Amino acid sequence: METFTKELQSSLSPQDAIDRLKEGNKRFVDNKGLERDLLTQVNITSGGQFPFAALLSCIDSRVPGEMVFDEGIGSVFNVRVAGNVVNEDVLGSLEYSCKVAGSKVIVVLGHTKCGAVTAACKHVELGNITHLLSKIKPAVDQVMEGEADPETIEKVALRNIEVSIERIRAESPILAEMESNGEIAIVGAVYDVASGAVCFM
């Protein structure tokens, strides 16, 4: 069991961070997760945190970030919002994660059978959900030509991940510069709710 320290965080390149997430997901899928003393990690991280990754993922209860990447307390930042969409608060959180706290990779993590994407494809309108779904609409407009069948919805989910990455780069000069300088990577990935596997795009 290891808890992230500043030295360990600093030793990782963006690619190292991605590789670590991939290895953790393989352990998760193989049901061979590392043994951790979470209370010890609580104690160690009480004086500070040095996560190596920031996840922008959906609120879906089937996609808990630390668990699907087999990470413990203090390893990853989690920004969760239905449909893994981007707004000013999300951008500010990701900027903090990388520029202030030193994370090496941002993963926009979508997933199969996403309720938010399905609702956007079916043009649902309901309270504040309407405004949220409007952020998925660009992906819907670019992909959908006919009915919102399951295959089309999955294609929209993939495009929605790409749209979120494009928005991060376009709307956060801080993160765009860090990526350009090789300080961080910004990548997309899809979690399969049926298998537990994460496929990096």
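If ALA54 satisfies every condition in (1) over 17 Å from VAL190 (Cβ atoms); (2) of a type in the set (A, V, I, L, M); (3) surrounded by fewer than 21 Cβ atoms within 10 Å (Cβ to Cβ) but one, which is the exception?
(3)
Do the conditions hold for LYS135, that is, is it modelled with pLDDT of 95 or more and either more than 14 Å from the chain's Cα centre (by Cα) or buried (at least 24 other Cβ atoms within 10 Å of the Cβ) (or both)? Can you show your working first?
Working: modelled with pLDDT of 95 or more: yes; either more than 14 Å from the chain's Cα centre (by Cα) or buried (at least 24 other Cβ atoms within 10 Å of the Cβ) (or both): yes.
Considered against the rule, which asks whether it is modelled with pLDDT of 95 or more and either more than 14 Å from the chain's Cα centre (by Cα) or buried (at least 24 other Cβ atoms within 10 Å of the Cβ) (or both), LYS135 comes out as yes.
So that you can scan it fast, the table gives a plain yes or no per residue for (1) buried (at least 17 other Cβ atoms within 10 Å of the Cβ); (2) closer than 15 Å to LEU55 by Cα:
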residue: GLU145; (1), (2): no, no
residue: GLU166; (1), (2): no, no
residue: ARG169; (1), (2): no, no
residue: ALA176; (1), (2): no, no
residue: SER180; (1), (2): no, no
residue: VAL187; (1), (2): yes, yes
residue: PHE200; (1), (2): no, yes
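Tell me the helices (runs of 4 or more DSSP H) entirely within segment 1-85 that contain at least 1 residues that are basic (Lys, Arg).
6-11, 14-29
How about segment 166-193: which of its residues are assigned to a loop (DSSP other than H, G, I, E, B) and touching a residue at least 60 places away in the same chain (Cβ under 8 Å)? Don't jump to the end; show me each part of the working.
As a first pass, look at segment 166-193 and keep what is assigned to a loop (DSSP other than H, G, I, E, B): 172, 181-184, 192-193.
Of everything in segment 166-193, those that are assigned to a loop (DSSP other than H, G, I, E, B) and touching a residue at least 60 places away in the same chain (Cβ under 8 Å) turn out to be SER172, GLY182, GLU183, ILE184, ASP192, VAL193.
Say whether the condition of being in a helix (DSSP H, G or I), more than 26 Å from SER10 (Cβ to Cβ) and under 12 Å from the mean Cα position of the chain (by Cα) is met by at least one residue in segment 91-108.
Filtering segment 91-108 for residues in a helix (DSSP H, G or I) gives 91-100.
From what is left, the residues that are more than 26 Å from SER10 (Cβ to Cβ) are none.
Looking for residues that are in a helix (DSSP H, G or I), more than 26 Å from SER10 (Cβ to Cβ) and under 12 Å from the mean Cα position of the chain (by Cα), one finds none in segment 91-108, hence no.
Restricted to segment 100-127, and to residues that are touching an Asp or Glu at 6+ places or on another chain (Cβ under 9 Å) and among the basic types (Lys, Arg), which residue is farthest from VAL163 (Cα to Cα)?
Within segment 100-127, the match that is farthest from VAL163 (Cα to Cα) is LYS104.
What number goes with the only condition from (1) surrounded by 12 or more Cβ atoms within 10 Å (Cβ to Cβ); (2) without any contact (Cβ under 8 Å) to a residue 60 or more places away in the chain that GLU35 does not pass?
(1)
Could you grab the pairs with beta carbons closer than 8 Å, sequence gap of 6+ or different chains, first residue in segment 1-26 and polar (S, T, N, Q), second one in a helix (DSSP H, G or I) and modelled with pLDDT of 95 or more?
Every condition considered, the pairs that remain are ASN25/VAL68.
Taking the options THR45, THR5, THR40, name whichever one is surrounded by 16 or more Cβ atoms within 10 Å (Cβ to Cβ) and at pLDDT below 95. Before you say what the answer is, go through the steps one by one.
Working: THR5 fails: surrounded by 16 or more Cβ atoms within 10 Å (Cβ to Cβ); THR40 fails: surrounded by 16 or more Cβ atoms within 10 Å (Cβ to Cβ).
After ruling out the rest, the residue left standing is THR45.
Counting only residues that are buried (at least 20 other Cβ atoms within 10 Å of the Cβ) and of a type in the set (Phe, Trp, Tyr), which one in segment 62-116 is nearest to PHE200 (Cα to Cα)?
Checked segment 62-116; the qualifying residue nearest to PHE200 (Cα to Cα) is PHE69.
Across segment 145-165, what is the total count of residues that are of a type in the set (D, E, K, R), more than 14 Å from the chain's Cα centre (by Cα) and in a helix (DSSP H, G or I)? Break it down stepwise before answering.
Step one: of segment 145-165, the residues of a type in the set (D, E, K, R) are 145, 147, 149, 151, 154-155, 159, 162.
Applying the additional criterion that residues be more than 14 Å from the chain's Cα centre (by Cα) yields 145, 147, 149, 151, 154-155, 159.
Subset that is in a helix (DSSP H, G or I): 151, 154-155, 159.
Of the residues in that region, 4 qualify.
Name the single residue, out of those in segment 109-144 being touching a residue at least 40 places away in the same chain (Cβ under 8 Å) and assigned to a loop (DSSP other than H, G, I, E, B), that is farthest from GLU183 (Cα to Cα).
Only one residue fits best here, namely LYS113.
The values are calculated or read from the model by the stated rules, or taken from the named source; none is laboratory data. Keep in mind that this is a model prediction, so the values were computed, not measured. In this analysis, Cβ positions are derived from the backbone assuming ideal geometry, glycine residues included, and neighbour counts consider all displayed protein chains.
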